[in-house]
Each structure stands twice: as C-alpha cells, then as structure tokens.
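Chemist: Please see the structure below; I have some questions.
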Amino acid sequence: MLTLHGKDSRRSNYRLLGLVGQGQFGRVFCAVHRQTGQIVALKSLERERFSTHKFLRELRFLLSLEHPNIVMCQTLEHTATGRHLVMDYCEGGTLRTLMQDEVRLSMAHGIKLVCDVLQGLAHAHAQDIVHCDIKPENILLKVEEHGWTACISDFGIARLTQEVTEPYAGLGNTGSPAYMAPERFYGQYSAVSDLYSVGVLLFEMLAGDRPFSGTPKELMSAHLNQVVSFPAQIAPGWHSVLLRALQKLPARRFRTAEEMRDAVYQAAQLNDLDLASLGIHSASTSSPLLECHSTVPKTPIGSVLAMPLDRMPTQMMAMPAEADGESRVALIQPFPDVVTLYQAIGSTIAVSTHPTTSEGSRPPQQETIQLPEPVTQLLPHPHGCVAIASHSILLIHRTDAGAVRAKPLASFQQSVVATVEPTGRWLAVGKPNVAQQDSAQQDSAQQDSAMLLLPLHHPFPITLAKQSISLPQRCLHSLIALDSRHVAAFSDVASTSHSSVNTAIDVYTRRGTQLVQFSTALMLKQVVATSFPYRLLAADMNDAGSLLLIDLKPYRLTRIGLPVVPTLFHATRWGYVVADTHGEVVLLDEYGDIGGRIAIDEPIEAIAPFEPYGLLVATRQANQGRLLTVNLKTLETNFMF
C-alpha cells in the first residue's frame, strides 16, 4: 500500500546505512526502517534531474508491477530533505559486478539469470510497459541459497506501448547504445526491443563480451547494419537463439519474452547444461556458481625458513615480538626478525619467540600451558591473546619478568563463542547461561540466549560495567566486534520458505540496543573480521568454491570466486589469505581480486599471517610436520608491499 509521508515530518522514517548507487536521476541509499528494522533501498529523485511529471510517471509504472523478478516499490517518502521511492533492497549488487574477467558466472547460473530477466519482462510487457534500458547495470541481484535471483530495476525511461513518441537520436535519456535495438535509435520501440537487449546480454554472458563495441555512433551503425559473428566461446547450439534475438527487423525476433525463455531453456538442454542449477525446476549445487579464470601464475615459495613440528596445531596466531606503538603505524614497516607465536594443540597452548629469517636471533625455549579442556579459538589482544576453551576464557600474556601466564577471565557451564574489541577494551561472550547463576536463574536463562560484555581489567584497565544483552531464541554461532561500540551476532534460523537453515546477522551497540537485523538466504560459517570498516569475511556452507564478503554499512553480500576450495582463510591489513588443504595459498586484495598464488606442495594444517607481509604455514608430509616462514615481499605477486 502506498503511503505518503507529509512535508512536515521532522525526520525520515529510515536510517541511512550508506550510498549504494548513483543513477542519472539521483542517488540510491541502503536504509533501515527505524521501528521495524526492515532493510530497503531509498531512491532519491532530484527535482533538477527528475521532474514531477517523470517522478509520477515512474511511480505509476512501479505501482502496476508486482513480480519476484522486478524491484518493487513499497512506499513513497516525501520529507523536507527530498523525495524518495522506498524500494525492495537487493543486497547482491548489480549483474555487472558478476561479469568480470578473472571471475565469471558459470554458464548455467548466467543462463538462469537471463531467464529471470525474461520472466520479469513477460510480466511488464503484459502490463503494456516496455523497459527500454535493459543492461547489466539495471539488473539487481538478491543473494539466494544456491545463487542469485535477478530483479529488473530503473523504469525511469520506460514507455507504455500505446504512447506516441517523437524521433530522437539515441544519445539522451533514451537507453544505453551498447544494448539498444536498431529501431530505438529512431525513437521506435516495442516489447521486442527489450528482447533484443536481452539478446545482447545473453551474448555477453556466453562470450564474455558484447557483439558490437565502439563509440555511440559506431554502435548505432553496428546495430543497424553489422552482421553478428560468433566467437569460439559460443557453442553452435546457441547460435539460432542469438540470431533470432538480434534480428535487425523487430518482426523477425521472438514475439514474446516467454517464447524467448523457452528457446533459451531448450538451448541449455542441447548444450548439456545442468538444468536443475538453472533454478527453473529446482535448486542444485552440482554446478559451481562462479568460474575463476585467474591469469596470476602460481609462485613456488623457494627457499624459506623451515622448522620441525612435533605436534600439529589446530589454531595459530603470530605477531611481531618487539613491535611498539610507533612501528605499528609506520608508513614503511621492516620485516621483523622474530615473532611471538601462539599455537593451540588440543588443550595445550604453546608460546614461543619464533625467528623469521635464518639470521634471526635464536628463540628461547618454548613455554606451554596445559588447560583442562580443548581450545577452540585464539583471538588477538594488544598484550597477548585470548584463548576460548570449551567452557572458559583465558588471557594468555607475559609477565614483566617474561614468564607466560594464563589469567582466567570467565567460566561457563556450556560452550561459548566470543570476540575481543579491536583495542582489547572489552570481550563479548555469547552463551545460553552463566555458571554462577542459581538454579532458578538457570532455568530462566535456558529459555533465551544472552550475550555478555565483559571488561578486560588487566592488563588494560577501564571502567566498564558488565553488560548483559538478551538475544533472540536462535542458535548463536559467531560474534564479531565491529569497532569499539558495536558487535555483530550471527545466528542460524529456520528458513521460512524452505526446509533449510539460514543465517541472521544482528548488530548491537555496546549498551545492548539492537540497531538492525540482516536476514540472509545463506548458511554462513567461519566468520572473521577484516581491517576494513564494517566488512566481514565468511564461508557459505552451500557454496564450497567461494567465500563471501559481507559489508554491513551499506549492506552488501559479494561472492568471491576462487581457484581453490578454501578451508583456511584470514584477514590482514592489506587483504585476505586463503588456503586449501593441498598446499595452495591465494592472496586477495580488499575487493576480493586475486593478487598472488603460492604453491607450497604440502598439505596445510594451519596458517597465521603477521605484519607487515609475513606468513607462517604449518604443513604435514607423511608423519612429519614443518613450520614454514614466508616473506610475501620476496615473491612475485601483484601487491606493492
């Protein structure tokens, strides 16, 4: 139902989370409703660029369209700061973001998205609405359990089929020349004009490039006169579909979007595509979502410092042993001679000063701490590390005399998850109940999960009272401290539309106020914080060949296609380190682009990056373990360390 908020409103009903797009008529923001927490897109329509006539015209189009493959308009907000269309939010970005050189959509999933577009167009055409600007930038993506759903957006220049227009050149607000049908350059259009644009999109999906290129005038000439030629990447089974979709004369093209969709589906069958992965009948994970065609060669590590390991660690963490505050923020950081290495080996924590070069100083004897239960996490802290065991949390640090000590911070009756604030000021712990509660309180606590914020008084004293935050009745599995004031809780919830389990992300302030909840269609695991504000890295249990970048401000989910199946990954100051169990390490920049590949050729058990560009890798060969020290600056990569 359309709701018009009056000009006398004191403020918007929505809190902005960030800018997500800039169109020819205004900006698009990711926003959250202040009361309901719903995530929406706010499309700002500037009066200078989008007149009242055009504003009401697009609104009329949007209100007449209701389809899962079309971005829907929920309401209209009109405040003193401007006019906004409140739209469905698509957290996967645009189709253009998936059409890259190194990482491309698999053919099956690309064809599925083309079918989504055709289904949305079939609905619009049934309402006598022609989009007139189909292109990857106007196709938004919703991230689903087994891929994406494509949604058509931006009906700003759409036309009704009965409208009369004057001839115009195709260089104004009339569409994109690279995707325009020949008749559109002369001001003519019909439903099959959109199908021509989909034909260009399909060609680009299959070949990696459009059928015609050049300046707007060259594109106009090519669309009007040039014959389509097929590169070797396009199998002959697709030629008939593309030739008919890209006919110069509208009467020779597919008559309807449904007819073109059926032809695409039949061509997929002829080309032996996994039809289930198209999502037309059912979802499937048998076909990878993204295909990585990395041109970055594998680099052997060469001669590196290697030390024997008696026992293989399950967790490792390393930091420069003598790094003071000034050296950490220096523009150019020297490679440290030694690092402090923390290893979790079952219920044992081993702490040693590990040399990083053959000229490094001889390390002192390794010290170990025996705990009564296995260690599940090692979290960095400015004065050491925080160890999360099955039912307890300890601070591992060195005393002034240099001895390693374990200071208990808290104990619990059940397993917990925890996160440390980046500067080590407080610790957030997710748990079902607290060991110190009496029996009556325990019975109540078992009904709801809770999150405790605990101050780390020593050796980093602050004045912060213990804060208890009630969590929804869900299965909490990860906590991430986003900054000094916010923490994100990851919980598994039952899917409302499928029999699967999805992950919800709740963001709280340090005082316990819930700011926003992000509902995903994914099942996430191994969530780690990154050095980039409000950005997280996670694995998706339903997509083994990629990782997921999670931006919370603004909200966006981006799949990173990889040449390996990631089993270990860490975030660093310069990007991400990903490794598989077979011995390949992939280096990614902050956007997820591949900058280096390292061949170790030994099974990898654990990995620990350290500043500024170092890497410790625990490997196993037969029954022998080794700890390798890698200086990434000495390898051939695309990073400027």
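Chemist: What residues qualify as long-range amide H neighbours of S531, i.e. H under 5 Å apart, gap of 5 or more or another chain, H built at 1.01 Å from N?
Modeler: Amide H neighbours of S531: T572.
Chemist: With the cut-off at 30 Å, tell me which of the pairs K553/K633; K142/K217; K112/K525; K112/K217; K135/K553; K135/K248 have Cα atoms farther apart than that. Can you show the working numbers first?
Modeler: Working: K553/K633 32 Å; K142/K217 35 Å; K112/K525 26 Å; K112/K217 32 Å; K135/K553 26 Å; K135/K248 18 Å.
Result: K553/K633; K142/K217; K112/K217 exceed 30 Å.
Chemist: Something else: How would segment 226-270 be classified by its alpha-carbon gyration tensor: rounded, prolate or oblate, with rounded meaning a/c under 1.5 and the a/b versus b/c comparison settling the rest?
Modeler: In terms of gyration-tensor shape, oblate.
Chemist: Pull out the extension gain between D272 and L56, defined as 0.36 nm times the separation in residues minus the alpha carbon to alpha carbon distance; nm, one decimal. Could the numbers behind the result be given before it?
Modeler: On the way: separation 216, 0.36 × 216 = 77.76 nm, distance 4.64 nm.
Answer, rounded to one decimal: 73.1 nm.
Chemist: For L105, enumerate residues with amide H under 5 Å from its amide H, sequence gap 5+ or separate chain, H modeled in the peptide plane.
Modeler: Q100, E291
Chemist: Kindly write out, for segment 556-562 in residue order, the coupling ³J(HN,Hα) from the Karplus curve 6.51 cos²θ - 1.76 cosθ + 1.60 (θ = phi - 60°), rounded to whole Hz, with x marking Gly and Pro.
Modeler: 7, 10, 10, 7, 10, x, 10
Chemist: What are the ³J(HN,Hα) values, in whole Hz, obtained from phi via the Karplus relation 6.51 cos²θ - 1.76 cosθ + 1.60 with θ = phi - 60°, for each residue of segment 509-520 in sequence order, with x given for Gly and Pro?
Modeler: 7, 5, 8, x, 7, 7, 8, 7, 10, 9, 9, 10
Chemist: Just want the ordering: M180, M72, M87, from fewest to most Cβ atoms lying within 10 Å of their own Cβ. Intermediate values should be presented prior to the final figure.
Modeler: On the way: M180 25, M72 15, M87 20.
Final ranking by Cβ density, sparse to dense: M72, M87, M180.
Chemist: What ranking do T509, T356 get, fewest neighbouring Cβ atoms within 10 angstrom at the top? Please list the in-between numbers first.
Modeler: Numbers: T509 13, T356 24.
In order of increasing Cβ crowding within 10 Å: T509, T356.
Chemist: Still on this model: Is the shape of segment 82-143 best called rounded, prolate or oblate, per the rule: a/c under 1.5 gives rounded, else a/b larger than b/c gives prolate, else oblate, with a ≥ b ≥ c the square roots of the Cα gyration tensor eigenvalues? Could you put the intermediate results ahead of the total?
Modeler: Details: a/c = 2.22, a/b = 1.31, b/c = 1.69.
Since a/c reaches 1.5 but b/c is at least a/b, the shape of segment 82-143 is classed as oblate.
Chemist: Check T376: other-chain or 5+ apart residues with amide H under 5 Å from its amide H, H built from backbone geometry?
Modeler: I388, A389, S390
Chemist: Separate question: Over its Cα atoms, what ratio of radius of gyration to 2.2 N^0.38 Å does segment 493-641 give? Display every interim value, and only then the final one.
Modeler: Details: Rg = 17.1 Å, N = 149, 2.2 N^0.38 = 14.7 Å.
So the Cα radius of gyration is 1.16 times the expected 2.2 N^0.38 Å.
Chemist: Neighbouring Cβ atoms within 10 Å as the yardstick, rank V404, V86 fewest first. It would help to have the intermediate numbers written out before the result.
Modeler: Details: V404 19, V86 24.
Neighbour counts put them in this order, fewest first: V404, V86.
Chemist: At a Förster distance of 25 Å, what's the computed FRET efficiency of V528 paired with A207, Cβ-Cβ distance as r, to 0.05? Please report the intermediate quantities before stating the final value.
Modeler: On the way: r = 37 Å, r/R0 = 1.47.
For R0 = 25 Å, the calculated efficiency reads 0.10.
Chemist: Could I ask something else about it? I'd like the Karplus ³J(HN,Hα) series for segment 111-122: coefficients 6.51, -1.76, 1.60, θ = phi - 60°, whole numbers in Hz, and an x wherever there's a Gly or Pro.
Modeler: 5, 4, 5, 4, 4, 4, 4, 5, 5, x, 5, 4
A short reminder: the numbers here are calculations on the coordinates, not readings from a lab. Predicted model only: the values in this text are computed from it and were never measured. Heads up, the Cβs are rebuilt from the backbone with ideal geometry, glycines too, and the neighbour counts pull from every protein chain shown.
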